[in-house]
Amino acid sequence: MPTFNHDVVIIGSGASGGMAAYILAQAGVKCLMLEAGPMVDFTRHRSMKAVYDLPFRGFGEPGRFPHITQASEFDANLWTDEKKNPYSHPESDPYYWVRIRLLGGKTLRWGRASWRLSDYEFKGKDHDGWGENWPLTLADLAPFYDRVEPLFRVSGRNEGWPQLPDGKLLADDSTESLSMERFLASAKKLGVPTTKPRRATGTLASSVNLLLPAAQATGNLTIVPNAIVREIGVDPKTGLVNAVHYIDRRSKREYTVPAKTLLLGASTLESTRLLLNSRSRQYPTGLANSSGVLGHYLFDQFYVKNTVTAIVPEARGGKGPRNLMGGAGYVPRFTNLKPGKPEKNYLRGWAWDFGSGGTPSPELFPQWGDELARTMADVQGAGFSMTTMGESLPRFEHKLTIHPTLRDEWGIPAPHIEQRYTDNEHNMAKDAMETGVALCEGAGFEVLAAHSQMVPPGESIHELGTCRMGADATKSVLNSFNQAHDVKNLFVLDGSAFPSGGVQNPTLTILALTVRATEYLLAQKKQGKL
Amino acid sequence: MKRRHLLQTLAATPALLPAQQTNPSPDENVVLTVVSPESAGLPVRRFFTPEQFATLQTLADLIAPSLDGRPGAKDAEAAAFLDFLLAKSPRDRQVLYQRSLDTLNRTARTKHQKAFSELGPTEANALLAPLKVKWTYAAPTEPVAAFLRAAKADIIRATTNSRAVAEANIAGRRRATGLNPYWQVIE
Ligand SMILES: Cc1cc2nc3c(=O)[nH]c(=O)nc-3n(C[C@H](O)[C@H](O)[C@H](O)COP(=O)(O)OP(=O)(O)OC[C@H]3O[C@@H](n4cnc5c(N)ncnc54)[C@H](O)[C@@H]3O)c2cc1C
């Protein structure tokens, strides 16, 4: 018989759930963490293999992951099985939902790019009139970013730019390769700012090594893998959360635990799905949804992968000095920074990741046979490429709803997801492509291919919104501390809380918001308000 | 038996003369040398008709010939692998391959009164002209052009990722590629 001595229940063990446990357990709060997936054992589950020894020679089993282009045959077993965990989208608007259901969530695989949001995002509406402001400013969140960056050992270079706030970084003073220097000079000439990448460092920068061990060492964290939360229970008298109902992933047996305070970090779409699936007399359209916006304002960052692929001519045939190729960099948003009417035919802006030293894909050459083989030998390591990441605007009609009939393997109603890119995003992508070509040409690179076609919504793995925070409880679900306006003992910590997202990869902000929310929770508890 | 497999087998199983026989060990952690199913037998073809397969083989050879000692599609048995892959692929991909291989063959017969697989290199290469267009993000709308683009990528990948290429890299002291961490099923 379990003793139920926990003070809080945490759902999910990724960036948000892991950070909640890290702060609360160390503050002496007893945490029960329910995680849908199993635990990963890096020694037992991972071994080196040659691609030719895989059954599908690295192509992967056809049709296994129709929506996860990131899945390879090597890591196929890490990604969420789409047949057991189905979802739907309009046929004309594909949505690529990329999930990892394991202890640690997507932090087991994230690319670790870690940028702060700025007041261009937090106060976006004040700047250009679109959407809603966040109910907090950079000044409110900066002290929490200050604590997360050293924990994740984020490296990079501070530039003092208002649109890309400085951080507490491990200084990246690495020298640039010659091709990179040429590109940076070309960017400077056109007034385009550039900086070093900003990334969490270390062999693994995941919740499973950076957050959960410290939390568990306190003796205050109980982790329950294989516990798929189905519904959140509410006290009919108070309207507060009082229980969490979950299913054992393997046996499908159902369980219930009491919950005095609930912290939800199941990831953007899963958290909102769970709230929408938790209907009651008090909350007939989903838990904490008196505003009617739960599920709405879904957005992400659109990606145009390899917007420009170029060749550094001097590197052809392996010629050129040793330090000609290599290195990576970042261009922050630099358009529409002046307040008022946008200078472009779109609102907001985009960023670029760029890198030197790759080999362009053979697909890009209109050749085959010996001719192609010679070309590939000639351009090996001589490539330069840029990927665009653009802001997509949150819109009411972009949403997650619950499918009327579709259910997952455990009988839980599945989501229906609707998001498409509009003219604003397409105009931005086109501008990014044209500017990228100009920068590469300015550097004396041969542009091999350029395009402005973004991958489908979701594929950037930066899905955000659907349970947004805001100052006005009639237009938002959460307050500025990720606490539900309607249900005081419910906190939603993941990316669903974002009212807008800029171009910056979101995880650093999810982590900082979680630290802020959980410390607020601690203060509330101390004051007897929770 | 394939020569490659024969060599591996010879290396892996030294003749067991009574004098050399090792004593049975009670240890559970024995290490035995094994080979993959792919290197032990000849693959059974399931998907393409003999004519389509012959066309694909010829096409594969044109796209990825062996060059300067580096194995090509033929050494990598890329066409046989694609027969297996296509048998498991979504229907639209299967149709694209089947119809386009038939079209290539029909065009060869109309133009040269020969099957595609019987054409000389100049005639056969001329039929691959749709591959000469500048790359665009969207695949071409004309089916044979779309097929050639897809097949080019598949043939190159099936060749690059083959055991033949890996062995040649090792033999030529080039950097071994394609070795990566593999994740087992996590239960
Ligand atoms: C390949 C890849 C590259 C990325 N690169 C970057 C990057 O460079 N920078 C960046 O900022 N972000 C990046 N991301 C995104 C980043 O990983 C996510 O933003 C981050 O992990 C989100 O944290 P989370 O806690 O919201 O969700 P997750 O980390 O996904 O964790 C959610 C957890 O909740 C569990 N869960 C879900 N439903 C339930 C349920 N019903 N019951 C119980 N548990 C449940 C899941 O199993 C999961 O473990 C990347 C992601 C991937 C996959």
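Read-outs: derived from the displayed coordinates by stated rules, not from any lab. Being a predicted model, the structure only gives us computed values, none of them experimental. All Cβ positions, even for glycine, are placed from backbone atoms using ideal geometry, and neighbour counts span all protein chains on display.
Laid out as a table, the results:
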| item | result |
| --- | --- |
| Restricting the range A:311-405 to chymotrypsin sites (Phe, Trp or Tyr not before Pro) in coil, as DSSP defines it, with at most 14 other Cβ within 10 Å | A:Phe396 |
| Mean projection area, nm², convex hull over Cα of the range A:275-361 | 11.0 |
| Convex hull per residue volume in Å³, alpha carbons only, for the protein assembly as shown | 194 |
| Paramagnetic reach from A:Glu159 (point 7 Å along Cα→Cβ, amide N under 18 Å) across the range A:394-436 | A:432-433, A:435-436 |
| Computed FRET value (nearest 0.05) for B:Leu67 with B:Arg173, which takes r as the C-beta separation and R₀ as 25 Å | 0.90 |
| Kirkwood-based shape ratio for the range A:335-461, expressed as Rg/Rh from alpha carbons | 1.11 |
| Distance between modelled label sites at B:Leu32 and B:Lys132, nm, 7 Å Cα→Cβ extension | 5.7 |
| Contour minus Cα-Cα distance for A:Leu170 and A:Gln527 (0.36 nm per residue) | 124.8 nm |
| Largest to smallest principal axis extent of the C-alpha atoms in the range B:41-171, angstrom | 43, 34, 32 |
| Per-residue mean of C-beta atoms belonging to partner chains within 10 Å, peptide A:62-68 | 2 |
| Normalised convex hull volume, the range A:116-223, alpha-carbon set, Å³ per residue | 159 |
| Between the range B:78-98 and the range A:9-72, the alpha-carbon center distance in angstrom | 31 |
| Residues of the range B:141-167 with amide N under 16 Å of the 7 Å Cα→Cβ point at A:Lys49 | B:161-163 |
| Distance in nm between pseudo-label sites at A:Thr203 and A:Gln70 (7 Å out along the Cβ direction from Cα) | 2.2 |
| Rounded Å value of the spacing that divides the Cα centres of the range B:113-127 and the range A:462-530 | 66 |
| Highest to lowest packing among A:400-411, A:215-226, A:265-276, scored as the average C-beta count within 10 Å | A:265-276, A:215-226, A:400-411 |
| Cβ-Cβ FRET estimate between B:Thr49 and A:Thr422, R0 fixed at 35 Å, reported to 0.05 | 0.15 |
| Distance in nm between pseudo-label sites at A:Val447 and A:Arg407 (7 Å out along the Cβ direction from Cα) | 5.4 |
| Lysine pairs with alpha-carbon atoms under 21 Å apart, the range B:41-171, spacing 8 or more or separate chains | 5 |
| Ranked packing of A:496-502, B:85-91, most packed first, by mean Cβ within 10 Å | A:496-502, B:85-91 |
| Gained length - A:Asp93 relative to A:Arg279, 0.36 nm times residue gap less alpha-carbon distance | 64.2 nm |
| Shielding by partners - mean other protein chain Cβ count within 10 Å, residues of A:365-377 | 5 |
| Sparse-neighbour loop sites [trypsin sites (Lys or Arg not before Pro); the range A:208-271; at most 12 other C-beta within 10 Å; DSSP] | A:Lys237, A:Arg250, A:Lys252, A:Arg253 |
| Calculated FRET value between A:Val455 and A:Thr359, using beta carbons and R₀ = 25 Å, to 0.05 | 0.70 |
| Packing-based order for A:295-301, B:113-119, using average beta carbon neighbours within 10 Å, highest first | A:295-301, B:113-119 |
| Average beta carbon contacts from partner chains per residue of B:37-49, 10 Å cutoff | 1 |
